[in-house]
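The values are calculated or read from the model by the stated rules, or taken from the named source; none is laboratory data. Just so it is clear, the model here is predicted, and its values are computed rather than measured. So basically every Cβ, Gly included, is an ideal-geometry build from the backbone, and we count neighbours across all protein chains shown.
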Amino acid sequence: MFTGIVTAMGKATRVRRTARGLALTIASPYRGLAIGESIAVDGACLTVVKKGQGTFTVEAVTMTRSRTTLGDWAAGRVCNLERSLRLGARLGGHLVAGHVDGVGTVVRRQVLDDSVLLDIRAPKLVRDLCVPHGSVAVDGVSMTVNAMPSRHVLQISVIPHTLEVTTLGTARVGTRVHLEADLVGKFLRQLALPYLGRRRSGA
């Protein structure tokens, strides 16, 4: 479990195909990592399978690659990192599982005096679970849904600090980002679905 508060930015130093999937070696400032530990890499929960001097290696299997951009990565890719949440620690963002729901695309970037607005075209699954002023994880960053300008687009407002310490500072029109809808919203929707079906049918 994560909070969407990025604690470091890493850089992929090696990307290679193996019999076990796609192996990503990432340089990071983290120390004391354990084999088997979970780390959110651009919001995707991955498992540390190897440690090096200032690096760690994770693997992305077929299902993970189908739901993320990881299959397109190359050496030099900069990414957001977050270690898993300690029980009892401050929840500075929102509950993030690290299970990417889909890939969105930045379709508009507007620079304001004190922030940057990013309009993101989102898959229907994500869009249906978003509400204005609710939470969404964008490349692993806990963000507030600022607005929903159209049927397929959600908007976030990125403050200067977040622009500096995450990859959202380099996001431009065309940038593809990992999206994870609010965990609470997912459960509520799943629980309500049987009742919504009855209402539509007049039951």
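Residues to consider are Val153, Val116, Val173; find the one that is closer than 27 Å to Lys11 by Cβ, modelled with pLDDT of 95 or more and either under 14 Å from the mean Cα position of the chain (by Cα) or surrounded by 13 or more Cβ atoms within 10 Å (Cβ to Cβ) (or both).
Step by step, each of Val153, Val116, Val173 is checked, and only Val116 is closer than 27 Å to Lys11 by Cβ, modelled with pLDDT of 95 or more and either under 14 Å from the mean Cα position of the chain (by Cα) or surrounded by 13 or more Cβ atoms within 10 Å (Cβ to Cβ) (or both).
Under 8 Å between Cβ atoms, which residue pairs at least 6 apart in sequence (or on different chains) link something in the stretch 24-38 that is at positive phi and hydroxyl-bearing (Ser, Thr, Tyr) with a partner that is in a loop (DSSP other than H, G, I, E, B) and surrounded by 17 or more Cβ atoms within 10 Å (Cβ to Cβ)?
none
If only one of Thr55, Thr47, Thr7 is over 23 Å from Leu95 (Cβ atoms) and among the polar types (S, T, N, Q), which one is it?
Only one candidate qualifies: Thr55.
Would you confirm whether any residue within the stretch 52-66 is in a loop (DSSP other than H, G, I, E, B) and touching a Ser or Thr at 6+ places or on another chain (Cβ under 9 Å)?
There is at least one residue in the stretch 52-66 that is in a loop (DSSP other than H, G, I, E, B) and touching a Ser or Thr at 6+ places or on another chain (Cβ under 9 Å).
In the stretch 177-203, what count of residues is obtained for those that are at pLDDT 85 or above and among the polar types (S, T, N, Q)?
1
Is there any pair linking a residue in the stretch 80-92 that is in contact (Cβ under 8 Å) with a residue 60 or more places away in the chain to one that is of a type in the set (Asp, Glu) and outside any strand (DSSP E or B), with Cβ under 6 Å and at least six apart or on different chains, and which?
That search, which allows pairs on different chains as well, returns Asn80/Asp42; Asn80/Asp139.
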